[in-house]
Amino acid sequence: MTLPVQELGTPEDAAPLPETERKKIAGRSPTRIAVDRLRKDKIAVVCFAIVVIFALIAIFADQLCSLFGVSTETVRASERVNLASGLPLKGPPNGSFDPDHPLGVAPSTGTDNLAVWFEGCRTSLFLATMAAVLSTLVGVTLGLLAGFLGGVVDAVISFVTDLFLTFPFLVAALAIAPIINERFGTEPEMMRTVSFWSLVAILVIFGWMGVARLVRGEVLSLREREFVKAARVIGVPTSRILRREMLPNLIAPIVVSFSLGLPAYVAAEAGLSYLGIGVFGRESWGRTINTATNWWELYPQFMLAPVIGIAVLVVALNLLGDAIRDAFDPKTRR
């Protein structure tokens, strides 16, 4: 009863598909066609492999630390760093490669940089994934209601969306995060949890508007289709129409929005942690960069690992998101 998104039409100037290709894709769902397109895209395959590697690192961070024999546990700084200069006794910047600490150790504290990198990867990916999932759920729900119900509901949701879009994200985050952390993070272990979920909440509160607008626009078009009108005429409940008729036709834009939003949240988490309002009580790439800025002239290698990690992950996620968007778009012929 539902219509696939691919039947929404193609531009008039699009070149017609060859007969062999038309026969090849006949009878396949838009999702299957999109997956086949992604498999043929070498850039998408490479980026997907990179994202999977980072995901495995995040999931098995503890096991990887044990495998390499590194740990973020507190050590006596005098065993690893020069107390006078704060620089490591072995390894960079003044020594050669140290097999016991492949990425070196942090100045002043002596914490192993590889262990911090593993933990930072887990923090960044987990936080960004939670924020992307929750903001997508909020945006899809509000977009569905606004586009399908219309009238007062649409006007109210659209007004709230525009209102949140006017708030400067960075200023709001700098104001809200410290208040929440000070109010509820009264103990170190509690601060670890509160700072994490407060940052997730901030990213969700200021990240759902784009998804809501996208879904609302798609629903405004879909609600005029014959299959939706027929369902309403025979008395199908609104909730069932939204779940069974509307939502399946919105899978493509939702997936694209999620894939493009995930790298933005990774970068946002690193940026906020760098500014000192990120997570506390756990390692983070942004916090490492914040600390490393004070040692840039004496120990530039200290900053390279988290910067490279963020750059590679964000670029891979962005390129993969672009590939997914092109694969799900029926107007492209790549």
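Each value in this text was obtained by applying a stated rule to the coordinates, not by laboratory testing. Owing to the predicted nature of the structure, the values given are computational and were not obtained by experimental measurement. Don't worry about glycine lacking a Cβ; one is built from the backbone with ideal geometry, like all the others, and counts go over all protein chains shown.
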Q. Which residue, chosen from PHE118, ASN181, SER158, occupies the Cα position most advanced towards the positive end of the dipole of the stretch 91-202, where the dipole is computed from +1 (Lys, Arg) and -1 (Asp, Glu) charges on Cβ about the Cα centre?
A. SER158
**Q.** When the stretch 53-118 is reduced to its Cα atoms, the Kirkwood hydrodynamic radius in Å
**A.** 12.2 Å
Q: Calculate how steeply helix 301-328 sits against the longest principal axis of the alpha-carbon atoms of the chain, using the helix alpha-carbon long axis, and give the answer as 0 to 90 degrees to the nearest 10.
A: 10 degrees
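Just how large is the dipole of the chain about the Cα centre, in debye to the nearest 20, putting +1 at every Lys and Arg Cβ and -1 at every Asp and Glu Cβ?
Details: 30 positive and 29 negative charges, 242 e Å.
Magnitude of the dipole: close to 1160 debye.
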Q: Considering the options VAL204, ALA327, VAL70, tell which one lies farthest towards the positive end of the dipole of the chain, charges being +1 on Lys and Arg and -1 on Asp and Glu at the Cβ, about the Cα centre.
A: ALA327
Q | Sequence ranges 238-244, 57-63, ranked by mean other-Cβ count within 10 angstrom, highest first | A | 57-63, 238-244
Q: Please go through the stretch 210-298 and write out the GluC sites (Glu not before Pro) that DSSP classes as loop and that have at most 15 other C-beta atoms within 10 Å.
A: GLU224, GLU297
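With 10 angstrom as the radius, rank SER259, SER78 by how many other C-beta atoms surround their C-beta, starting from the fewest.
On the way: SER259 20, SER78 10.
Sorted ascending by nearby Cβ count, the order is SER78, SER259.
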Q) Which residue fluctuates the most in the chain, going by a Gaussian network model with Cα springs under 10 Å, if the choices are GLY207, GLY120, GLY110? A) GLY110
Q) If you place +1 on the Cβ of every Lys and Arg, -1 on the Cβ of every Asp and Glu, and leave all else neutral, what size is the dipole of the stretch 178-334 about its Cα centre, to the nearest 20 Debye? A) 920 debye
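Please list, by residue number, every one of the GluC sites (Glu not before Pro) in the stretch 39-144 that is coil in DSSP and has at most 14 other beta-carbon atoms within 10 Å. Before the final figure, lay out each step's value.
Details: sites: GLU73, GLU79, GLU119; in loops: GLU73.
Listed in order of number, the matching sites are GLU73.
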Q.
For the chain, what does the relative contact order come out to in percent, with C-alpha contacts under 8 Å and a separation of six or more?
A. 26 percent
(Q) Could you check the spin-label model distance between THR193 and ALA172? Points 7 Å from the Cα along Cα→Cβ, value in nm. (A) 2.6 nm
Q.
Excluding same-chain pairs closer than 8 in sequence, count the lysine pairs in the chain whose Cα atoms lie under 22 Å apart.
A. 7
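Could you order the peptides 64-71, 307-314, 125-132 from most to least packed, using the average number of other C-beta atoms within 10 Å per residue?
On the way: 64-71: 16.1, 307-314: 17.6, 125-132: 22.4.
Descending mean neighbour count gives 125-132, 307-314, 64-71.
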Q: Pick out which of ALA55, ALA212, ALA270 has the largest mean-square fluctuation in a Gaussian network model of the chain, springs linking Cα atoms closer than 10 Å.
A: ALA55
**Q.** Unit charges at the beta carbon, dipole of the chain: most positive-side option, VAL233, ILE254, ILE57
**A.** VAL233
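Between beta-carbons, use under 13 Å as the cut-off and find the net charge around ARG213, counting Lys and Arg +1, Asp and Glu -1. Walk me through the intermediate numbers first.
Details: positive: ARG216; negative: ASP154, ASP162, GLU218.
Local charge sum for ARG213: -2.
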Q. Taking the structure as given and computing Cα extents along the principal axes in Å, which label from (i) 53, 45, 38; (ii) 79, 53, 32; (iii) 101, 41, 29 fits?
A. (ii)
